[in-house]
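Working notes, structure below.
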Amino acid sequence: MIQSVDRAVRILGLLQGRRMSLGEIASRMELAPSTAHGIVRTLLAHGMVVQERDTGHYRLGPATLRLGNVYLHTLELRARVATWAGELARRTGCAVRTGVLLRDDVVVVAHEPRPDGTRQMPEVGIVIPAHACALGKALLAYEPAAVPPLRSMTGETITDPARFDAELQQVRRAGIATEVEEAVLGECGLAAPIADPTGVAGAVGLVTPTSGWPLPGSALDALRDTARAVSRELGATAWPPAHDVLPGSATA
């Protein structure tokens, strides 16, 4: 690992949703102020961070958005799901999210709003703790890495390792993950993994208010149809994905 690159990436991670002074950055990174200043000035020169005129604090810059957009435009998973998401939303009446795993979180890379005409916030780019959402469970069930820390998000979040391990085993059996107000109160969902020739490329899920939960069997069927169709288009030979090498147990 190249230390300077690692530090620069970690500083960008620190600035997600924050404005920080140079002193705060140096302290959080446990770096000498001069070292932190050199890295920040380099990021500033490339537009990855900007410095506010009034406070002198640093925040993420416009170049990060450009990189994010390039990633989205070149992501085959997103392109394949786009051809199916509208029909899935119409069949189920639910919003449709597509996500990929980023360490302990899920990043939403595509969002199809509910087809009821109500005003809805765009969700591309939002980050949800993987253990607390259906998308995350659908991905973690096939992920050989250790299960992330099971921190509580709501009173319904599963924080018991044995219970969470049982949830992942159920996902591997059925190909479907569930979420009942575990990340956000008033929100429930289902998700299914999307396979490609190398394993699991992402997950697609349905999101509904608690008043609409549980979803009918027809919604489950529609979600499975979509996950299977997208997996086939990505070159997978089977769905649900194979799990010859199971993830490490959450009880370990």
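The values are calculated or read from the model by the stated rules, or taken from the named source; none is laboratory data. A quick note: this is a predicted structure, and the numbers were derived from the prediction, not measured. Cβ: placed from backbone, ideal geometry, glycine included. Neighbour counts: every protein chain shown.
Annotations
- Check on residue 52, acidic (Asp, Glu) and loosely packed, with under 14 Cβ neighbours inside 10 Å: yes
- Filter result (over 15 Å from the mean Cα position of the chain (by Cα) and of a type in the set (D, E, K, R)) within segment 135-166: 151, 156, 160, 163, 165
- Tally, over segment 161-179, of residues that are surrounded by fewer than 16 Cβ atoms within 10 Å (Cβ to Cβ) and either hydroxyl-bearing (Ser, Thr, Tyr) or touching a Ser or Thr at 6+ places or on another chain (Cβ under 9 Å) (or both): 3
- Which numbered condition residue 106 misses (of (1) more than 21 Å from residue 231 (Cβ to Cβ); (2) buried (at least 24 other Cβ atoms within 10 Å of the Cβ)): (1)
- Checked against the criterion of being in a helix (DSSP H, G or I), among the β-branched types (Val, Ile, Thr) and within 21 Å of residue 194 (Cβ to Cβ), the candidates 171, 147 yield just one match: 171.
- So residue 198, is it under 21 Å from the mean Cα position of the chain (by Cα) and at pLDDT 95 or above: no
- Restricted to helices (runs of 4 or more DSSP H) entirely inside segment 1-103, those with at least 2 residues that are in contact with a Pro (Cβ under 7 Å, 6 or more places away or on another chain) and assigned by TED's automatic domain parsing to the domain that holds residue 135 are 76-92.
- Just one of the listed residues (242, 238, 227) is on the phi < 0 side of the Ramachandran plot, small (Gly, Ala, Ser) and in the same structural domain as residue 130 (by TED's automatic domain parsing), and it is 227.
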